[in-house]
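First the structure, in the form of structure tokens, and then the observations on it.
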Amino acid sequence: MCRSFILRWPACAACLLIAAASLWSQTPEPRPLAVPLACPQGDCPVLTGAPQTTGMRSGFVRLKPGQTVGWHTTGRNEEALVVLHGKGKALIDGQSGLLFVAPALVYIPPDTRHNVENTGSEPLEYEYVVAPAKTQ
């Protein structure tokens, strides 16, 4: 038994390495999916990148009247805000704010420091979609 195993060890090890490498290198392909937007908190990630997408991420935000998400940037990514309910202002660093009322789409270019404020008397609800910007 021992001699038989020792003689077969290189072949067994090679099979295990090939199987492990195959599993390690397999990245699941993004698949269509539907995600409900029921989120008890104010900011709820929906799509978070691989393996769900090839680079896009998304989330649902609910802001109370007067509340903001806080100043931030998405770096080299572009962002779209799909405004579902309420009204607000997209505050852009160095520019005047962009007022919007649902239903609306707000586009934020790459490398743009920004904030979103609920300027209404009802909750502001929107879905954000962040994706890598195409480089020229």
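Descriptive notes on the structure:
- With the alpha-carbon atoms of region 43-132 aligned to their principal axes, the span from lowest to highest coordinate is 38, 27, 20 Å, starting with the largest.
- Here the 3J(HN,Hα) profile of region 121-135, calculated from phi with Karplus coefficients 6.51, -1.76 and 1.60 at θ = phi - 60°, is 9, 10, x, 9, 10, 8, 9, 9, 10, 10, 9, x, 7, 5, 8 Hz, Gly and Pro shown as x.
Computed from the coordinates by the stated procedures, all read-outs in this text should not be read as laboratory data. Keep in mind that what you see is a predicted model, and the values were worked out from it rather than measured.
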